[in-house]
Amino acid sequence: MSFQVTQGLFSLDNFNDCHAILGVAVTADTNTIRKRYLKIARRLHPDSFIGQDQSYKELATQLFSKLVGPAYNTLCQERDRKEYLLLIQLKGKQAIQQQVSLATLGDIAPTLAQAANLDAAYEQALASLVPVQYEVLTQSLDIIGQLSELNLTYLMLSQGGSRSIPTVPTASATTGNDPSNSTTTSPAAPTETAPSKTASSLDSYLRRAQDYIAQKDFRSATLDLRDALRVDPNDSRCHALMGTLYLEQKNLPMARVSIKRALELDPSNGIALKAKQRLEKLGQKVDVGGSTKRGSSSSTRRSDSKSDQGGGFLGGLFGGKKK
């Protein structure tokens, strides 16, 4: 089972960000690290998944043995931890020398760059991610990546890296001095910078993710699905698309877990059913059993029975043509 993370510190010469894996600050002491490790170990223990699909138990076991255990072994001894801390400080300097842009380090980078108290902002950002890190295991790698982006941002800023973040050019940047263009003084739409907990914003994230998957732009699809799951972590469509994303990347075990979750939330989800067929043709059985619909929201209870309309593997996500 592949557990490749390419964000943050992981992107620097295949570095292994042990702090991100454990969900602790780069300044954490050995006692804090041990407490966090024990909490994760209890969460990933097989007894925590009684009655659930065997593939989910296997995923928990693999996360623990391939990521959590080795990360803790690196940080549990005081001398080894100090040597590792020197190494990550060097990684921060390397990123500054390579002129890594904060704009590439996730949504939280601007907040840290503008914070009057960097340490407090860093701790607050950690606190928003760590509690959910191993709650939905199919999302754990993505959250580890976000934590590593956060760690790299903190390391760069704490070592004097530039706090400037390039902005994306707007329409006004290309219209010159044409007074007839009314967009030259229009502010950026706020709905694109902060997820709104509404059905329309959720649909917007899912539509974009659908398009990105079709274009093989898997990184952008991941970012939009991440935002969608923040809006509603129990939306069947989100998990179905995440499973499709894993399928396209040939990560069959992770795809199987995501598709199983999607069908638990909504057995009629058309995208999940098609992905289930693809998985089974590849020898990956998806044993859903009975539908639990546990914790499903109003959006997940909507039927996807019209999912075949519109054509294509992803064409029926919203049961009709795009408006």
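The values are calculated or read from the model by the stated rules, or taken from the named source; none is laboratory data. It should be emphasised that the depicted structure is a prediction, and the values quoted were computed from it without experimental measurement. When we count neighbours, we look across all protein chains shown, and the Cβ atoms used for this are built from the backbone with ideal geometry, even at glycine. Side chains included, ligands, DNA and RNA excluded: accessible areas come from the protein's heavy atoms. Shrake-Rupley method; radii C 1.70, N 1.55, O 1.52, S 1.80 Å.
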Over 20 Å (Cα to Cα) - which of Lys250/Lys281; Lys66/Lys285; Lys57/Lys260 fall in this group: Lys66/Lys285
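Can you give me the convex hull volume of the Cα atoms of the stretch 208-279, divided per residue and expressed in Å³?
In the stretch 208-279, the Cα convex hull volume per residue is 72 Å³.
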Among 89-101, 234-246, what's the highest-first ranking by average C-beta atoms within 10 angstrom per residue? 234-246, 89-101
Keeping all protein chains in the complex and leaving out DNA, RNA and ligands, what accessible area do you get for Met156 with a 1.4 Å probe, in Å² to the nearest 10? 10 Å²
So what's the stretch 56-157 giving for Rg/Rh, alpha carbon basis, Kirkwood Rh from the mean inverse pair distance? 1.00
What order, most packed first, do the peptides 42-53, 200-211, 264-275 have when packing is the mean number of other Cβ atoms within 10 Å of each residue? 264-275, 200-211, 42-53
Restricting everything to alpha-carbon atoms, can you work out Rg to Rh for the stretch 1-99 with a Kirkwood hydrodynamic radius? 1.03
State the extension gain, in nm to one decimal, for the chain segment bounded by Gln284 and Lys66, taking 0.36 nm per residue of separation less the distance between their alpha-carbons. 76.3 nm
Extended-chain gain in nm, criterion 0.36 nm per residue less alpha-carbon gap, Thr27 and Glu58: 8.0 nm
